[in-house]
Structure formats: C-alpha cells, structure tokens
Amino acid sequence: MSDDQLSLVPGKKKRVKAEVPIATNLPVAQIAIDSQLPHLDRVFDYAVPAKFEAIAQPGVRVRIRFAGKLTDGWLISRVQESDHPGTLAAITNVISPEIVLIPEILELAQSVADRQAGTLSDVLRNAVPNRHAGAEATQFPPAGEIAEVTTDAWTDYVGGEALIKRTLAGEQPRAIVTTGGDNPATLLAQYAMAIAHGGKSIVITVPDRAAIDRVLQELANLQCPKSAIAVLAADDGPSARYRNWLAVLRSSSRIVIGTRNAIFAPAHNLAAVCIWDDWNDTLADPQAPYWHARDIAVLRSAQQNIALVLIGATMSVEACALMPWAVQVAKSRDQLRTESPKVRSALDESGEKMNPAAAGSRIPSTVMQAMKSALTKGPVLVLVSRTGYTPRITCDTCRTLATCSECSGPLMQTARSSAPVCYLCGHIESNWHCKKCKGTSVRAAAVGSERTAEELGRAFPGIPVRSSTSDHILRTVDSRPAIVVATAGAAPIAADGYAAAMLLDGNSMLSRPDLSASQDTYAKWNECVSLVREDGEVVVVADSTHPAVQALIRHDPAGFAQRELEERTQVALPPAIRLAALTGEPNDVDEAVAMLSLPAQTLIRGPVPDKNSQVRMLISCDRRLGLELSAQLKAMSAARSAKHKGGSVNVRIDPLNL
C-alpha cells in the first residue's frame, strides 16, 4: 500500500492494525477494488490472514474494509512485502476459493480498460458473471472426445481450408469471412467441431439468441455432445449463466457460444475467437467503458496468439480496416454471383419512381409485380424500417410534425382509425390540432410494419400475411406462399429460402444522420439477400445510384467496405483514426480538455451542442497514438475524480454514433 492510500478518503488517516495472525508466505495481497471511481483504479495492499493463506489465491473474489465500508474486490497477486510503511488492514473474507479471474482474462480486461480509457473494475463486471454458490457445487464431467466431422462447407471458400489447417496447427490466422448466401452457423459449427476434435477450445460471440440457436442446431446436426457446448447468453438466468461459465472455466466445455460478454469466456487451450456479424451494435456494450466485442476479439487474438474469425454476409468497415493484418476468406466473385439471387432497384437509372400501386406510394408498382410473381413460388420477405402502425405523423395541411400538447413529443397512430398518441408520455390527443396552421387532420410521415402488413393484406387477398418485429420475432416460416413483413434483425428463416425479398424504406434508412447509416443499411439488406433462394429475386426501394445499392446489386461486400473506409479516411473519422468523444456541461468539458497533454498532431473539434445543456468535444489522432490518447484521458478522469472537481465528463473511444 502506498503512502497516500488512506489519504484518498478524508478523515481516514488512522491506520488499522491487524488483530489476526498473518500468513507467513507471501503475506501481502494486492487487491483491485470493485469501484467505479477512476481514482481508485489501482491495486491496494492488504494483509493475508493465516486462516486464508491456502485459499486467498490470485483470481479469487475477496471482501475488504475500505474507507470504513465492506467492499468487494479481486485478489490480483500476492507478494512478500509492501511499500506501505504502516500496518496493513487484513482481508475480511475470501468470498469463494474458486479462482474465477485467470491471468489471461485479467490481462485482456486490463488492456480493454487501457484502450477504452476506463477502469478495470468496469470491465471485470462484464468479464466475470456474478457468483452463485449453488453453481460452484456442480460437478462437471471432464471434456469428452469429439468425433471428427466434415468441413466441406468451407471447400469453395478461397483460403477456407487453409484457415482450418493453420488453426489446428496452432498458428494464428486472421480471417474476415464473407458468406454470401451460405449459413454462417454451418461454417462456424464445422470450424468449432474441427477445433474441439483436436482437443482445443473455441469462443463464438454472436449478436442475439436467434444466432445462438442457429449454431446450436448446426452442432446438433453434426452430433456434437451437449456437454461439449457452453452457452453464455444475456437472457439466461444468473444461476444458469454462472454454471455454464464454470463449465468453461473448469475445462468441461470446449465450444463456447454466447452473446456480447462471451468474448471474455475463460476457455483453456483456446485456439480461436469468432465474431458473427461484427457490424451489429448489440455487440457494443452500452455502459462505460463502451467496449465492442470485435475490438476485444482482436486484442485477445494478438495477446494469446490464437486465430481470429470475423464472419457474416457483410464485411464491416472496421473489419476492412484490419486488412492486410487480416485477410478475406470468401468464394470467388463468379461463384458468388452464380449462387446469389438477382438484385435490382425499384428506381430507374434516372432515379425517378415507377408508378406506385394502390397499396401506397412507398411501394412502387415494380415491387407489387415482383411480389405477385414470387408468391406463386413461395414466401416473400418484406423488410421495413420501423415497427408499429404509423410511428410518425404530420399535419395533412402544412406537413408540420404533429407533436403532443402535453410534452411536445412526436405523435404516432397505433391503428387505422385511432387518435394520435404521444410516443414519449402516452398522452392521447383526442382533439388534436396543428400548432402552426390549426389543421385537424393528419397524414403518415413514416409507415410501420403493422400498416405495411395491413396494406399488403388488402393488395393480395387470400395470401397469409405474417409480421416479425423485435416485439414478436418469428424464428422460421414454411415454404408455402405468404407475405412476411419484418424489421431488420427479425426476419425469420424460410424452410427452402424466400422466393423474393422486397427491401422498402431504403432512402430513409440510408439518409439517417449517423456515421454508420450506409454500413448498417447495407448489412441489413445483405442479411435479407442471404435468406433468398438462388433463383429468387431481391428488389430494393432506394436510389439505384447509391453506393450501397450498387454494391448490393454486384454482391460486393468487400468493395463496399473498402469504399466506406476510404471515405472515412478522407474526412478523418473512425476507424481510419482513433477518436474520443467527451460529453458534459460546457465548463466541465473545457476544464477536462485543458488538463490533457495531448499527443502531437491531435485534432480537437467542437464543442457542439449535445443533449439537454451538455456539449460534446471530439479529439482525434493517428491510430498508432490511440493508447497514448487513452492514457491521457484516463489520467484526467482519475484526477478529476480524486479532487471531486466539477461535474462528470463522459469519455467514449470510437463511439458508434456521431
């Protein structure tokens, strides 16, 4: 413990003398305190009582008294001596003798905290699930033998067989696998089985439960023993999640599949980490320090000398930025075109709309004609951008956005003849009138999935219409003719593939005021294209000259990602550079920036207004200086925290939304 350890807390200068016998071997424990305060993000020295000498091992959870309060912490290491001149306080309790923080995960978590300018404690809350004593009593069987299986799904991929061979040989291949119309779950399952057959482990991180289920089904098709698989999902109960996590920690399960936090799984003899759909924002943690599973996979691959696989129908711009450190693994362009459905735009080359059908002007006649033809062959997928009936309405006279008389929030309609209701406070506007022109009638400014389904049901009588949104997700549909209206990420899988897909609202999706609007839209479109049969058709309702539409027509995810990266490089935006966003009250942000000793050639932009009365400042630098920038930001946060100076300043490294 350093000289200033106790001085961090006002009024706590008196040293606490140990009143219990202390361990003779390595009597000093270095503890990381479970605290969100940046200035406490370091280790503190505590005495190890003799009664805990055997179980107080690095990696266990402990309880200590800090600033007069019982506090949880992590035992990081034990040493023979402390540089603190006084008597050390003793560890109050070892919560469990289970060593849950293994060295590899500690190193990874510290690297994540350093990269993201955050605290180790915040990262460890994600890396190690909460303890459940009953789960620790579980006796896990030893890892069994895994049968050798075919990897024929990889045969047509240029570099696919080499990826598997190099992984099994203990090398560190790094691959960006673009799957086209193939099922990524099939490729991942074969890859995982090959690794497990070789006696090694694999961690597969996916966006959601649906993706987990798809991989599990493919593993079941390969007759993988259930005991070899551990599922780490956010929607599992705490006890089940901790039990499955322990199965990985104790080397009982070699194949780990899970959502975001699974990237930290303590797998032993690890051969590969995989991310499915790394563009998906569900893989980004919404809490400080705002890490992304892809970035952690890259760090883990480098630190542990293991394979890295980023897989999906789309190549993200962030994955593209890893090239040539990582290489693309894909089918040849000729084969991809042969196996993929035809894609065309519903807008002609001049960008003018075709004559709309009666179902609504947002659905051109070319879409209706394509649907009519495809419905004779099977189900048709219709992608829409919004849920609900009419999620946004305007005055029918002057086109002013209709707002709530109580809170000024946007109004919406939940059914065809329903009164407008406020999206924010729920107030029902039974006698609404426009604040600008006093008009009393409204029109749709945006159309949701429910109204789209209603309109298509009238346009195609006798054809079943089904909806799948985040509120109610359909997993599968059969091969009979039907119209399936879905929002992005909720499209069910058709038994024999869709006969066609109609991608509506394209221009509004592409024009969102967001850095990732084009990439996200293209990725969502590509997911839909991958669900359509080889002889099917995809019609996208968007400007045919837009680069995302052109890339979709050409089946060129790598080319689109490269173009996006080049554009971001020209305007100095992530991932071409490292960027930090500082958000807070104006005086606090100015003060925080003034405390920084920034690397050379650092660019500061702002401040610009943010939410409420806050502002945002952007600080960017060359990617090679990223750790130096993060270190400066981390030191600034710690100094402000220690002095209780001003209001909080939120720090985000490479934020998703700009």
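The values are calculated or read from the model by the stated rules, or taken from the named source; none is laboratory data. Note that the coordinates shown come from a computational prediction; the quantities given were computed from them, not determined experimentally. Reconstructed Cβ throughout: ideal geometry from the backbone, glycine too, with neighbour counts over all protein chains shown.
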query: Residue check: is Asp213 free of Cβ contacts under 8 Å to residues at least 12 places away in the same chain and among the acidic types (Asp, Glu)?
result: no
field: Condition check for Val343: modelled with pLDDT of 95 or more and assigned to a strand (DSSP E or B)
entry: yes
- request: List the number of the failed condition for Val608; all other conditions in (1) among the β-branched types (Val, Ile, Thr); (2) more than 28 Å from the chain's Cα centre (by Cα); (3) not in a helix (DSSP H, G or I); (4) not assigned by TED's automatic domain parsing to the domain that holds Ser518 hold.
  value: (2)
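Tell me, please, whether a residue that is in a loop (DSSP other than H, G, I, E, B), within 23 Å of the chain's Cα centre (by Cα) and in contact (Cβ under 8 Å) with a residue 40 or more places away in the chain can be found in the range 461-472.
Yes - at least one qualifying residue is present in the range 461-472.
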- prompt: Do the conditions hold for Glu454, that is, is it within 30 Å of Glu406 (Cα to Cα) and either touching a strand residue (DSSP E or B) at 6+ places or on another chain (Cβ under 9 Å) or among the charged types (D, E, K, R) (or both)?
  reply: no
query: Which ones in the range 378-437 are at pLDDT 75 or above, in contact with a helix residue (DSSP H, G or I) (Cβ under 8 Å, 6 or more places away or on another chain) and not in a loop (DSSP other than H, G, I, E, B)?
result: Val380, Leu381, Val382, Leu383, Val384
- request: Go through Gln287, Gln217 for me and flag whichever is farther than 27 Å from Arg563 by Cα and in a loop (DSSP other than H, G, I, E, B).
  value: Gln287
field: Boolean, Asp278 is assigned by TED's automatic domain parsing to the domain that holds Ile296 and either in contact with a His (Cβ under 9 Å, 6 or more places away or on another chain) or over 27 Å from Leu120 (Cβ atoms) (or both)
entry: yes
message: Here's a check for you: in the range 440-452, which residue that is in contact (Cβ under 8 Å) with a residue 40 or more places away in the chain and outside any strand (DSSP E or B) is surrounded by the fewest Cβ atoms within 10 Å (Cβ to Cβ)?
response: Ser441
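Yes/no per residue for (1) part of a loop (DSSP other than H, G, I, E, B); (2) more than 24 Å from Ser518 (Cα to Cα); (3) in contact with a Phe, Trp or Tyr (Cβ under 8 Å, 6 or more places away or on another chain):
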{"residue": "Ala210", "(1), (2), (3)": "no, yes, no"}
{"residue": "Ser252", "(1), (2), (3)": "yes, yes, yes"}
{"residue": "Ala267", "(1), (2), (3)": "yes, yes, no"}
{"residue": "Asp295", "(1), (2), (3)": "no, no, no"}
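Listed here are the residues, each with its yes/no results for (1) within 23 Å of the chain's Cα centre (by Cα); (2) more than 13 Å from Cys274 (Cα to Cα); (3) among the polar types (S, T, N, Q).
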position: Ile176; (1), (2), (3): yes, no, no
position: Asp182; (1), (2), (3): yes, yes, no
position: Leu188; (1), (2), (3): yes, no, no
position: His197; (1), (2), (3): no, yes, no
- line: Flagged pairs (Cβ under 7 angstrom, 6 or more apart or on separate chains; first in the range 221-238, closer than 18 Å to Phe140 by Cα; second surrounded by fewer than 15 Cβ atoms within 10 Å (Cβ to Cβ) and of a type in the set (A, V, I, L, M)) are none
Meets criteria (over 26 Å from the mean Cα position of the chain (by Cα) and under 30 Å from Pro184 (Cα atoms)) for Arg480: yes
- prompt: Restricted to the range 122-150, and to residues that are in a loop (DSSP other than H, G, I, E, B) and small (Gly, Ala, Ser), which residue is nearest to Asn221 (Cα to Cα)?
  reply: Ala147
message: If I filter the range 506-528 for residues that are among the acidic types (Asp, Glu) and either touching a Leu at 6+ places or on another chain (Cβ under 8 Å) or in the same structural domain as Gln217 (by TED's automatic domain parsing) (or both), do I get at least one hit?
response: yes
statement: Result of the Cβ filter at 6 Å on the range 283-302, keeping first residues that are touching a residue at least 12 places away in the same chain (Cβ under 8 Å) and buried (at least 22 other Cβ atoms within 10 Å of the Cβ) and partners that are outside any helix (DSSP H, G or I) and polar (S, T, N, Q), at least 6 apart or interchain, is Pro289/Gln116; Trp291/Gln116; Ala293/Thr205
message: When you scan the range 481-494, do you find a residue that is assigned by TED's automatic domain parsing to the domain that holds Thr387, touching a residue at least 24 places away in the same chain (Cβ under 8 Å), under 27 Å from Cys320 (Cα atoms) and not in a loop (DSSP other than H, G, I, E, B), even just one?
response: yes
query: Condition test on Arg512, is it closer than 23 Å to Leu573 by Cα, surrounded by fewer than 18 Cβ atoms within 10 Å (Cβ to Cβ), touching a helix residue (DSSP H, G or I) at 6+ places or on another chain (Cβ under 9 Å) and not hydrophobic (A, V, I, L, M, F, W, C)?
result: yes
- request: For the range 153-174, enumerate the residues that are small (Gly, Ala, Ser) and assigned to a helix (DSSP H, G or I).
  value: Ala153, Gly160, Ala162
message: What's the number of the only condition in (1) surrounded by fewer than 23 Cβ atoms within 10 Å (Cβ to Cβ); (2) touching a residue at least 24 places away in the same chain (Cβ under 8 Å) that Ala169 fails to meet?
response: (2)
- prompt: Looking at the range 41-53, which of its residues are part of a loop (DSSP other than H, G, I, E, B), out of contact with any Pro (no Cβ under 6 Å at 6 or more places or on another chain) and in contact (Cβ under 8 Å) with a residue 40 or more places away in the chain?
  reply: Asp41
task: Take the residues in the range 535-571 that are hydroxyl-bearing (Ser, Thr, Tyr) and touching a Gly at 6+ places or on another chain (Cβ under 9 Å), then tell me which one is surrounded by the fewest Cβ atoms within 10 Å (Cβ to Cβ).
output: Thr545
task: Go through (1) exposed (fewer than 15 other Cβ atoms within 10 Å of the Cβ); (2) more than 30 Å from Gln519 (Cα to Cα) and name the single condition Lys634 misses.
output: (1)
- line: Filtering the range 62-97 for residues that are assigned to a loop (DSSP other than H, G, I, E, B) and free of Cβ contacts under 8 Å to residues at least 60 places away in the same chain leaves a count of 8
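Quick grid of which residues meet (1) in a loop (DSSP other than H, G, I, E, B); (2) farther than 30 Å from Asn269 by Cβ; (3) out of contact with any Pro (no Cβ under 7 Å at 6 or more places or on another chain):
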| position | (1), (2), (3) |
| --- | --- |
| His39 | no, yes, yes |
| Gln57 | yes, no, yes |
| Glu107 | no, no, yes |
| Ser111 | no, no, yes |
task: State yes or no: is Ala169 under 23 Å from Ser316 (Cα atoms) and among the small types (Gly, Ala, Ser)?
output: no
